[in-house]
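Encoded as structure tokens, the structure appears first; notes follow it.
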Amino acid sequence: MVTLHTTQGDIVLQLYPDQAPNTVNNFLRYCREGFYQNTVFHRVIQGFMIQGGGLTADMQQKKGLYPSIVNEANNRLANQRGTIAMARTSDPHSATAQFFINTVDNDFLNFRSETATGWGYCVFGEVMEGLTVIDQISQIKTAHHSGHQDVPVEPILITGVSLLKSN
């Protein structure tokens, strides 16, 4: 389990290493390295998701520490409310550090086929505590900032990460 400490409150995540081993290992490496500390939720779209893990409060992109990972979205885990998934570019196998948390069921992000348009987004865990924090973040006013859309007007920082053992 992982706790993301944010300026809006804590979000406790249960990770699924059996279903997404490489993705979980990648996420945990970034957590252990302190990469996520002082990054922001830089993309917030009400009725969709909140995205973070790669930009600083002044909207500077952090360089990933590790190569991109192979997409494991064919693990049968669905992009449902409260799940955490890897963000990526249009290349299905381009995920590095950024992630998003689904604030609603987003079935259109699920794996359909091993094609460029069918891969979907890899779910690798879910929120166990802090859904109210997710909901609060999703309601925050956003605007354009430094060439980015849907950026919270007031930065929402990830101030730290705690790794916990699950039962």
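Things to note:
- Extreme residue, positive dipole direction of the stretch 1-145, given options Asn74, Gly120, Pro17 (C-beta unit charges): Gly120
- Euclidean distance between Cα centres, the stretch 144-158 to the stretch 51-77, Å: 17 Å
- Magnitude of the charge dipole for the chain, about its Cα centre and with charges confined to Cβ atoms of Lys, Arg (+1) and Asp, Glu (-1), is about 280 debye.
- Scanning the chain for trypsin sites (Lys or Arg not before Pro) that sit in a DSSP loop and have at most 15 other Cβ atoms within 10 Å, the longest stretch containing none of them is 1-62.
- Accessible surface, 1.4 Å probe, highest first, among residues Thr117, Thr96: Thr117, Thr96
- Label sites at Thr115 and Glu154, each approximated as a point 7 angstrom past Cα along Cα to Cβ, lie 4.6 nm apart.
- From the coordinates shown, volume of the Cα convex hull per residue in Å³ corresponds to which of [x] 288; [y] 102; [z] 117: [y]
- Here Lys165 is the anchor, and the aspartates and glutamates within straight C-alpha reach of less than 20 Å, apart from those fewer than 8 places off in the same chain, are Asp10, Asp18, Glu33, Glu126, Glu129.
- For the stretch 113-130 and the stretch 23-40, distance of Cα centres in Å: 18 Å
- Taking 0.36 nm per residue of separation and subtracting the current Cα-Cα distance, fully stretching the chain between Gln37 and Lys141 would add 35.2 nm.
The values are calculated or read from the model by the stated rules, or taken from the named source; none is laboratory data. Here the structure is a predicted model, which means the values were calculated and not measured. Because the Cβ atoms are built from the backbone with ideal geometry, glycine has one as well, and the counts that use them run over all protein chains shown. To get the accessible areas, we keep the full protein, side chains included, count just its heavy atoms, and leave off ligands, DNA and RNA. Shrake-Rupley method; radii C 1.70, N 1.55, O 1.52, S 1.80 Å.
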